[in-house]
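The values are calculated or read from the model by the stated rules, or taken from the named source; none is laboratory data. No experiment lies behind these values; they were computed from the predicted model shown. Every residue, glycine as well, gets a Cβ built from its backbone with ideal geometry; the counts of neighbours run over all protein chains shown.
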Amino acid sequence: MKTFPLELLVIEVLGDNSAGNLEDRFRRVLEAFRDDMESLTIEDPANPSGNDLSSCLTDELRDELSATARDTLDTVDESGWEAVLGKIENDAKAAPRIQVLRSAATAAPIATRPWSSNE
Amino acid sequence: MTVPWFEREPEAYAEVRRMLIERYPTLHARKIGDAVVVKGTLGISHEGVEIDRYSLEFRLPGDYPKSLPTVSETAERIPRQMDRHVNPATGTLCLGVVEELWFVMNGDFSLDRVIEIPVRNFLIGNSLVEQGQEWPLGERSHGIRGILEFYACLLGAKEKKSLHRFLTSLLRGQVKGHWPCPCGSGSVLRRCHIGWHEAA
């Protein structure tokens, strides 16, 4: 999905109620996508009176967003945000990036090499 | 008309979904027509810490898990260039010589194995290439040369000529024990790599 319609959807959800901290607002967006995706509409802010952008949101895309939001909220409720967003790394203790990546590469249980099918 | 695998085996599809929710909660499976498409982001972790994250799309083949799924990077982070091992026309990642992947993965291209072996290796390698480094586990040459490199490596073959002869004959079922061994030892096949002869 293009990010512009997604941004407009978030604005639509939070437009009437932007209370709470970042987590509260993010959860509210996901809950709206999960529960009210069918009724959400978006408009081009440059032409709000005549340019309904809801056609960007096909039924397939609405289903996908709704299912993704539902799965994400289920995971957050069961295992917390780190299960979705990844573990927070402490920068002060972080090893240099190349060293970490090399270490991860050599830890591969089975080595595979990229290829290209075309000459 | 062929029935898609996820309708033939709904439990297998349910297992893919369960596996994603448990192990990769930011990847999501959906049925689109006759295909199953898995989209989202994949975190790459090492020693319990996420070291990178990629936006990906997997398309599971009709005979899943026998054939390799196609994998694309969807955030336009990796250039669509052959030298970056991305097919310029389709945007799919060239994870490896398919025969080699089939060999090292014992013919099992289940999604979790594909994620943990060739996709993980590819993405860590790409992260290093972005830092100006070489591919850490090496890379195969483009096209048929890469395929031959794999067979030469597998068979320990030093001479191109004997490798070609062995592979061509293998396809025809005509390998003879008295031929020079493709490993280049100078001995005949049946007295050197007898296993290849018997496998043929």
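Annotation: B:Leu123 fulfils all but one of (1) facing another protein chain (nearest Cβ under 7 Å); (2) more than 20 Å from A:Thr68 (Cβ to Cβ); (3) buried (at least 16 other Cβ atoms within 10 Å of the Cβ); the unmet one is (1). Among the residues of the stretch B:69-86, the one identified as over 15 Å from B:Ser127 (Cα atoms) and in a helix (DSSP H, G or I) is B:Met82.
The listed residues are B:Glu149, B:Glu139, B:Glu134, and the only one of them that is assigned to a helix (DSSP H, G or I) and modelled with pLDDT of 90 or more turns out to be B:Glu149. Selection of first residues in the stretch B:27-43 that are closer than 13 Å to B:Thr70 by Cβ and of second residues that are polar (S, T, N, Q), restricted to Cβ pairs under 8 Å at least 6 apart or on distinct chains, gives the following pairs, ordered by first then second residue: B:Lys39/B:Thr74. Under the condition of being of a type in the set (A, V, I, L, M, F, W, C), modelled with pLDDT under 80 and surrounded by fewer than 19 Cβ atoms within 10 Å (Cβ to Cβ), the residues counted in the stretch B:168-191 number 3. Applying the set (1) in contact with a strand residue (DSSP E or B) (Cβ under 7 Å, 6 or more places away or on another chain); (2) facing chain A (nearest Cβ under 8 Å); (3) at pLDDT 95 or above to B:Met82 leaves exactly one unmet item: (3).
The set of residues in the stretch B:64-78 being out of contact with any helix residue (DSSP H, G or I) (no Cβ under 7 Å at 6 or more places or on another chain) and more than 13 Å from chain A (Cβ to nearest Cβ) consists of B:Pro65, B:Lys66, B:Ser67, B:Ser72, B:Arg77. Screening the stretch A:37-119 for helices (runs of 4 or more DSSP H) wholly inside it with 1 or more residues that are more than 10 Å from chain B (Cβ to nearest Cβ), at pLDDT 70 or above and under 20 Å from the mean Cα position of the chain (by Cα) returns the ranges A:59-79. Taking the criterion of being under 25 Å from A:Thr3 (Cα atoms) and more than 8 Å from chain A (Cβ to nearest Cβ), the residues of the stretch B:89-120 that qualify are B:Ala89, B:Thr90, B:Gly91, B:Thr92. Per the listing B:Glu149, B:Glu116, B:Glu134, B:Glu100, the residue uniquely over 28 Å from B:Leu60 (Cα atoms) and among the acidic types (Asp, Glu) is B:Glu134. When the residues of the stretch B:22-53 are filtered to those that are more than 8 Å from chain A (Cβ to nearest Cβ) and of a type in the set (Ser, Thr, Tyr), the one that is surrounded by the most Cβ atoms within 10 Å (Cβ to Cβ) is B:Tyr24.
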